[in-house]
Each structure stands twice: as structure tokens, then as C-alpha cells.
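One structure below.
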Amino acid sequence: MIQSYDLYLPTHLIFGKGRVTELARLIKGYGSKVLLTYGGGSVKRIGLYDTVREILHQEGCTVFELSGIAPNPKIESVREGVRIVKENGIDFIVAIGGGSVLDCSKAIACGAGYDGDPWDLVIHRDRIGKKLPVFDVMTMAATGSEYDGAGVITNDETKEKLSVGGCFPVASILDPTYTMTVPAKQTAAGVSDIISHTFEQYFVAEGSMLSDGICESMLKTVMHYGPIALREPDNFEARGEIFAASSFGCCGLLALGRTKSAWPCHGIEHELSAWYDITHGVGLAIITPHWMRYCLEHNHAAVAPKFAQYGVNVLGLNPADGVDVNAEKAIEQTADFFRSLGITQTLRDFGIDDTHFGEMADHVLTAWFGDYSKSFAPIDRAGIIEILTSSL
């Protein structure tokens, strides 16, 4: 039965080839001092950096820069960005690059109006006040940060990877051509991230026909076009379909009328990323099939029908084979799909062992936003360690 929901989506999405030129009209009225944020050299190699700089200069903006924002963006970059903003009276932020750049920019936007350390705002969201406007031109399909209010930040000192919330971009520009030079490994990780975003909201106790259909369409789209994008990096249709899908992963649309999710795979993977700096989508691809097997073993009667539904509606399994058979097949075919993207199914390949699993389990149960006892299959400390250990 469909449940109550709130959906708030204030961001303007602009999708299509060549639409970066529309940044000029979007920023009108927001001021003249801009912080341009980006990561490495990829935005310069594809010409996006020069294009955006020229647009900003033509609009009479004074441009300040924060570069070198890393995947799994660090609190140090946020602190530096906040320093630049405060010292120069920045009016708005333009982020160019992937989700990590945008996440960092959101945290900077929140920290701009706060007198203390911006990490406080990750721990205490109630301290977030006025935020700077943020615009973005995305170059990677993965996080969906372009259409939601959250940003994930890593603190290497405390071994924590947590989110800061409540900062929706004013506008996000999505041109699939900018994703064509993304390396295969990052493309695969992005596809895995989108799939995980969908799984986290699809595999819950109660759904609705409407949102089941949206989730299943997301999964079919990304699982169809992901391999094509890997084989044919310049395929506009494949890149475009994946890019369009990525925006809806975390905006709330997939969760309409559904039981609230604890996002268990994300919580567990964030612990791995915090300790070992593993690529987020890669960690999710490894963890997810093992989480599914844990759910089937520990809460079989409740979860098997949903796994079987996914197998039939998304993977094309034969409903005549029955719920139990299709639930098992669905899990194995999910693992096979991630392998087909070139993602290993073991954490050991990334130098990860069980040394810190206990600390990870303790932290995720106390710091993560979701209640794991109400997950698709209830998970306690021992369960988290079991999932991690089976992923080695």
C-alpha cells in the first residue's frame, strides 16, 4: 500500500548537448564574485574549464578557484573553500566535474555562513544556516548529487565519511558529451553507484506499484546501457540514458510511497571508503551481492519475493521457476553483472582485510542516519561484520 511522502525538488535540470552556454542566463542576478571548483585536469582536457571561465568573464564575474578536489572529497578541501569564500566575499559557486566536486561545493556553500569548523555541519546538521547558491556542470553519471541536497565528505583524521545536507543546486547542466572521456573504470563505478541508489530504495518492506515501476525502469535502463557505454565510449545514446538516470538516484523520486530505507549498503561502504579510500561505486558493487545473500539467509520469507520480482521484471527471469529459484538467480546475476563491468567481487584485491571491521560496524550503527534494525533484513553489529567478511 502506498505510504505518505514528501518530495521537494527545487533544482533546475538542464539536459542536452551544448547547453553549457545557458550558464550565462542562469547565474544572472546572483552576484559577480564566483568560486569555480573542480578536481584534476580532466575538465581542462575536454575544454570545459575554458568554456566556463569564458562565460563567467563575459558576464562580468571575478573568478576565484579551488582545484584539486579529490574523489571521496576531503574536509580539508571544504575548509580551504570556505576560507576563500569568506576572505573574498564570494556570491555563488560554480562546480565543474563529477559528484565529488559538487559534494565538496555543497559543503563549502553551507560552511560559508558558519563561524566554526565546517566539519561541525556534517555532525550537526541543525547548525546549517544560510547557504551560498551553487550551480554545476556535471561530467560524470554516478552520484545524482546534481538533483539532491546532500554532499558526502570524508574526514581522514577521524576515519569518517558522512553527509552534509540541505543544499540543493540552483541549476545543474548535464551534457552527455562531457561524460564520453570518463575512463572505463570510472564509468563502471558510476553505473554501479546508480544501481545501488536504486536498490537501496527498491528493496524495502513495502513499496508501491508506481515507485516499483520507476525503480525497475531505472535498473533496466542502466543495466542495458552501461555495458554499451563501456564498449562504445562515444555512444551518445548510451551516455545520455545513463546520465539522465543518474540524476534521479537520490532525489526522492524512487522512494515515493515506500518504506523508509536505511541505505545499508551505502552505510557499510562509506566505512570502507573512510578507512581505505576505495572508489565508492566499486565498494558498492562488491558489498551489494553479499548484502543480498545476507538478507535472503536471515529474512528469507520477507525478502525472497522482492528479489524474485526484480529477477523477473528487470533481469528477465522466468516466473514459472518460482520465487526461491528466481531470488537466488537474481543475486547471482547481479554479481555477474558487476563482474561484467570489470569490477572484482573481493575486497582483498584492494588491500582490505578484517582488521577494522569491528570499528566500522560500531561506527555505522551510531553515526549512520538509517536504522539498520528496520532494514530489508534487520542487521546488527555481527551482521555488518558478516557482510564485510563475506566480501573479502
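So, in segment 50-85, exactly how many residues are closer than 19 Å to ASP103 by Cβ, open to solvent by 30 Å² or more (accessible area, probe 1.4 Å) and assigned to a helix (DSSP H, G or I)? The total comes to 4. PHE64 fulfils the conditions (1) at pLDDT 95 or above; (2) out of contact with any Leu (no Cβ under 8 Å at 6 or more places or on another chain) except for a single criterion, (2). For segment 102-121, a tally of residues being open to solvent by less than 10 Å² (accessible area, probe 1.4 Å) and either closer than 11 Å to THR37 by Cα or free of Cβ contacts under 8 Å to residues at least 40 places away in the same chain (or both) returns 6. Tell me, please, whether a residue that is over 25 Å from GLY207 (Cα atoms) and open to solvent by 70 Å² or more (accessible area, probe 1.4 Å) can be found in segment 300-321. The answer is no, given that none of the residues of segment 300-321 is over 25 Å from GLY207 (Cα atoms) and open to solvent by 70 Å² or more (accessible area, probe 1.4 Å). Only one of these is surrounded by 22 or more Cβ atoms within 10 Å (Cβ to Cβ) and free of Cβ contacts under 8 Å to residues at least 60 places away in the same chain: CYS215, CYS250. Name it. From the options CYS215, CYS250, the qualifying one is CYS215. The set of residues in segment 122-143 being within 28 Å of GLN186 (Cβ to Cβ) and either small (Gly, Ala, Ser) or open to solvent by less than 10 Å² (accessible area, probe 1.4 Å) (or both) consists of VAL134, PHE135, ASP136, VAL137, MET138, ALA141, ALA142.
The residue that is nearest to GLY351 (Cα to Cα), counting only those in segment 262-277 that are surrounded by fewer than 21 Cβ atoms within 10 Å (Cβ to Cβ) and out of contact with any His (no Cβ under 7 Å at 6 or more places or on another chain), is TYR276.
Scan segment 86-98 for residues that are within 28 Å of ASP193 (Cα to Cα) and open to solvent by 10 Å² or more (accessible area, probe 1.4 Å) and the total you get is 1.
Consider THR198 carefully, then state whether it is of a type in the set (S, T, N, Q), touching a residue at least 60 places away in the same chain (Cβ under 8 Å) and surrounded by 16 or more Cβ atoms within 10 Å (Cβ to Cβ). It is false that THR198 is of a type in the set (S, T, N, Q), touching a residue at least 60 places away in the same chain (Cβ under 8 Å) and surrounded by 16 or more Cβ atoms within 10 Å (Cβ to Cβ). Of all residue pairs spaced 6 or more apart or on separate chains, none has beta-carbon atoms under 9 Å together with a first member in segment 335-354 that is assigned to a helix (DSSP H, G or I) and a second member that is modelled with pLDDT under 95 and open to solvent by 70 Å² or more (accessible area, probe 1.4 Å). Of all residues in segment 355-376, those being in a loop (DSSP other than H, G, I, E, B) and either at positive phi or surrounded by fewer than 20 Cβ atoms within 10 Å (Cβ to Cβ) (or both) number 6.
Among the strands (runs of 3 or more DSSP E) confined to segment 86-169, the ones with at least 1 residues that are small (Gly, Ala, Ser) are located at 92-97, 151-155, 160-164.
The values are calculated or read from the model by the stated rules, or taken from the named source; none is laboratory data. Here the structure is a predicted model, which means the values were calculated and not measured. Cβ sites come from the backbone with ideal geometry, for glycine too, and all protein chains shown count toward neighbours. The area values use the complete protein model at the heavy-atom level, side chains included, leaving out ligands, DNA and RNA. Shrake-Rupley method; radii C 1.70, N 1.55, O 1.52, S 1.80 Å.
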